[in-house]
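Down below is the structure, laid out as structure tokens.
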Amino acid sequence: MTSRNGSSSEVESWRKSKAKAFVKELLENDEMYMDMPEAQLYRLYPQHFVIISIMAAMGMRPGIIILREGTDTSQGTPQLVSNINACQAVADAVRTTLGPRGMDKLVATGSKATISNDGATIMKLLEIAHPAAKTLVDISMSQDMSVGDGTTSVVLLAAELLTKLKPLIEEGISPTRMIQTIRQTGRLAVDKVTALAVAVDQQEMLLKCASTALNSKLISSHQDLFAPMVVQAVTKLHEAGNVEELSEWIAIKRIPGGDVRQSFLVEGVAFQKTFSYAGFEQMTKKFENPKILLLNVELELKSEKENAEVRISSPAEYQSIVEAEWQVIYDKLDACVSSGANIVLSKLPIGDLATQYFADRGLFCAGRVTDGDMKRVAKATNGSIQTTTNGLTEKVLGTCGWFEEKQVGDERFNLFTQCPSTLTCTIVLRGGTEQFIAESERSVHDALMVVKRTIQSGSVVAGGGAVEMFVSNALRKHALEIEGKEQMIVTAYSKALEVIPRQLCENAGLDATDILAALRRKHAKDGDEARWYGVNIEEDGIMDTFALGVWEPSDNKINSIQAATEAACVILSIDETVISPKSQDPGAQASGMMGGGGGGGFGGAMSNAMDIANSGGPRSGQMAPGVSYMKGRGGA
């Protein structure tokens, strides 16, 4: 048989010279195959030689293969539209949680159920698989870490912006042109918000911003309790210049049971009583101006290590070894008492012997204190954590004005108050259910972050969709001054901003069409005088939300617009998605490399030959013209 590309002898010569090298290449150059004779390789992997022979018979050479068989590739406008649809589906999952009338979501992961209306929490629990839609999860988490609030708004803005641009994409407008215009429009929107921001009295500003952040949470009816608590904790950090270290200085503790109004703020450190041994109840539980020793040392009697070997010649020598072990722990305990400390805390266990030893001498001790609590105690009491009990001096001891062990619900708490460093605070939350307390903790955390950002930005804007409507009206006017397709892109951006007031209305059960029409008319007619007019959720209409006290830090709105704009640009810049399959067996991988996954012609023939060779099934089926099945010495 003579091939299209050369004589029969030339093809056979190529087959003999390339078969072994090609098989080894398929096997990824594994060392065990490098020196194996061709005959042995042929017996082990006859299917690969079948492929080589088929290719030789058809006068072909192996091509350059980039993607493995089974790789999913999608590209062009349909892929872009598909990504936008995925983002819309993600936004629909959190759409109804926006605003003070937003609904909660119950997300069950295994045996654990989470009830929340926090956008970042829900997005994190959804475990979104679509690679493009994960961008919305990223911007939601970024908003939560940087600002704390607005995690739902940023997702809705990004998804709505893509939705408004989808018809333009389907009409054939270049995504590259869109991205350039969207970035310019985003910068213009940020400039408008910056110009709107106003600075007011700090204390009033912080309280109203904290109340607004809590207004959409599960504990909104108790904002009069939590807002002052949050402001007091953050203000202390700000006065000391440590507001950036908020998570290190302010702790939130949860105690199930009781009423939420029983939550309280400890101006100092509070942590739950740790595991204790016999003798703990005999300890002194209250101290005034105590000396506090902080250790990272284990105060427990321990036997020798498993592989230790001690040779003795008499029982007396064994007794001396036992006494030496006891003497080691007693020396440590004596050093703690001699230091003058009244309270001994350690990250590592404090055993029953040490507990009773300290109780007999009027000391209080607690072992297995968490790293975070230990660091907060050290900062609050001006003490330092020691890794040894040798050389303890009064300089390493901390102090506080008052210490007591207090019963809170079913738990006991160790409270350190009137500390030299007044920066550290602990917020203790109460509630009837674990889910409620967990959501309360997330709400308080968001309020803490909002107050922090308000202090840093020093300015606020009105909420209730007022800012979005003002910027939307400004962009709509700006679009009329632009020529070409960019006018449609800027107009789409302005329409996308209306998603916030519209969703606020829908979640509150109001007529979104009438209210949005009234807001457009008000902002278009009065201009800057109507800049604070937004949705009046309480009385069904529009009103000056700034005068109502619905304030948000300007950084919140700026960060939302910037993040949503960048997310939309990222999605629009994707014109192809390649999803690689999981690693397969060598035979399937070879099929992918040689056959290309085609359904007919040479690709189909190669695929059929490969499948049958791998399965060891009967040699029947359709082959390419001029090609027949081959049986080698190692074949079945």
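Here are the numbers for the structure shown:
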{"read-out": "Residues with amide H under 5 Å from that of THR284, placed H, sequence gap 5 or more", "value": "LEU363"}
{"read-out": "Whichever aspartates and glutamates have a C-alpha closer than 14 Å to that of LYS291, once near sequence neighbours (fewer than 8 apart) are set aside", "value": "GLU394, GLU404"}
{"read-out": "Accessible area (Å², 1.4 Å probe, nearest 10) - GLU298", "value": "60"}
{"read-out": "Sequence of ASP334, ASP224 when ordered by accessible area, the most exposed leading, probe 1.4 angstrom", "value": "ASP224, ASP334"}
{"read-out": "Ranking by accessible area, most exposed first, for HIS222, HIS478 with a 1.4 Å probe", "value": "HIS478, HIS222"}
{"read-out": "Accessible area in the full protein assembly, largest first, 1.4 Å probe, for MET469, MET103", "value": "MET103, MET469"}
{"read-out": "Gain on full stretching of the segment that runs from THR393 to PHE264 - 0.36 nm per residue minus C-alpha separation", "value": "42.9 nm"}
{"read-out": "Probe 1.4 Å - accessible area at THR491, Å² to nearest ten", "value": "40"}
{"read-out": "Note, ³J(HN,Hα) from phi for the stretch 239-252, Karplus 6.51, -1.76, 1.60, rounded to Hz, x at Gly and Pro", "value": "5, 8, x, 10, 5, 5, 9, 4, 5, 7, 9, 10, 10, 10"}
{"read-out": "Pairs from LYS379/LYS557; LYS105/LYS525; LYS375/LYS557; LYS124/LYS164; LYS192/LYS217; LYS273/LYS395 whose Cα-Cα separation, in the structure shown, is over 32 Å", "value": "LYS379/LYS557; LYS105/LYS525; LYS375/LYS557"}
{"read-out": "Cβ-Cβ FRET estimate between LYS485 and THR577, R0 fixed at 22 Å, reported to 0.05", "value": "0.30"}
{"read-out": "Nearest-10 value in Å² for the accessible area of PHE226, using the 1.4 Å probe", "value": "0"}
{"read-out": "Backbone HN-Hα couplings from phi across the stretch 100-112 [Karplus 6.51/-1.76/1.60, Hz, Gly and Pro as x]", "value": "x, 9, x, 8, 8, 10, 10, 10, 9, 10, x, 8, 9"}
{"read-out": "Sites TYR277 and ASP528 - FRET efficiency at Förster radius 56 Å, r taken between beta-carbons, to 0.05", "value": "0.20"}
{"read-out": "Residues whose placed amide H lies under 5 Å from that of VAL550, excluding near-sequence neighbours", "value": "GLY463"}
{"read-out": "Hz values of 3J(HN,Hα) by residue in the stretch 509-518 - Karplus curve (6.51, -1.76, 1.60), Gly and Pro given as x", "value": "x, 9, 7, 5, 5, 5, 5, 5, 4, 5"}
{"read-out": "Rg over Rh, two decimals, the stretch 131-191 (C-alpha only, Kirkwood Rh)", "value": "1.02"}
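The values are calculated or read from the model by the stated rules, or taken from the named source; none is laboratory data. In this text the structure is predicted, and so the values were computed from the model without any measurement. All Cβ positions, glycine included, derive from the backbone under ideal geometry; neighbour counts span all protein chains shown. Note: accessible area is taken over every heavy atom of the protein model, side chains too, but ligands, DNA and RNA are not part of it. Shrake-Rupley method; radii C 1.70, N 1.55, O 1.52, S 1.80 Å.
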